[in-house]
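The block underneath contains the structure these notes are about, expressed in structure tokens.
The values are calculated or read from the model by the stated rules, or taken from the named source; none is laboratory data. Because the structure is a prediction, the values reported are computed rather than measured. Here the Cβ is made from the backbone with ideal geometry for all residues, glycine too, and neighbour counts use every protein chain on show. Just the protein is used for accessible areas: all its heavy atoms, side chains included, with ligands, DNA and RNA removed. Shrake-Rupley method; radii C 1.70, N 1.55, O 1.52, S 1.80 Å.
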Amino acid sequence: MTRDELLADVAYARTLAEEGRKTPLLGGSYLVFWGVLNAVAFAVQFGILQGLVPVLNGMSFGLLWLGYGAVSVIGMTLLRMRTRTKPGLTAIGTRAERALWSGAAIAVIAVVVGSIARMLMTNDPSAPNAILAAAFALYGAALFGTASLSEQTWLRGFGWLSLAVAANCAMFAGQNWVYVIASVGSLLALVWPGIILLKREPAAVA
């Protein structure tokens, strides 16, 4: 950390103390990005399975998830550029948020890679079904952890919501419309709290 960054964080902490506010979290843009990306991908997967989107001789599934991977890499690069200049990066809540979601993301990526590899090797379009319950369970765990360590207790409600989506995804994993549950769940459990966090996010230090 540079001297200027340290001074910015000190000034930021002073501003929050004077206003009597808790340190805002900085993960709102990430939640919105992943929530929207997941919702779109799950909706397209459902459309392909139902014959609403062209199958392209079986290539549509691979194209969808390869595109998902490409968009996620580009999106994460841009998001890191956006948040690295924000004040409060060294706050306990922000560091906890970053660590918890990084761990959850790595775990989800492992499940995604394994599922997509299975789909490509076996031509099994149902392989990505394994992603859904695992992903939402990990999202729920990250939301609970962030809520506790940052004292943003309102996030626990979204943690419970994410776990409910995970349970339903596991219960109906063999049905095509499980992707509808996952798509709507992404908007409710990720985008919704992400928008709330974005509204509370600091723009600059006075």
Kirkwood Rh (inverse of mean 1/r, distinct Cα pairs), the stretch 121-206, angstrom = 14.0 Å
inquiry  = Taking the solvent-accessible surface of protein heavy atoms with a 1.4 Å probe, what is the per residue accessible area of the stretch 102-189 in Å²?
reply    = 45 Å²
Gained length - ALA110 relative to MET76, 0.36 nm times residue gap less alpha-carbon distance = 10.5 nm
ask   = What is the extension gain from LEU37 to ALA164, computed as 0.36 nm multiplied by their sequence separation minus the C-alpha to C-alpha distance, in nm to one decimal?
value = 43.7 nm
task = Largest first and in whole Å, give the semi-axes of the stretch 69-162's equivalent ellipsoid, each being the square root of 5 times a Cα gyration tensor eigenvalue.
result = 29, 18, 9
inquiry  = Full-extension gain between ILE195 and ASN176, please, as 0.36 nm times their residue separation minus the C-alpha to C-alpha distance.
reply    = 4.0 nm
note = Ranked output for segments 38-49, 190-201 by mean other Cβ atoms within 10 Å, highest leading, reads 38-49, 190-201
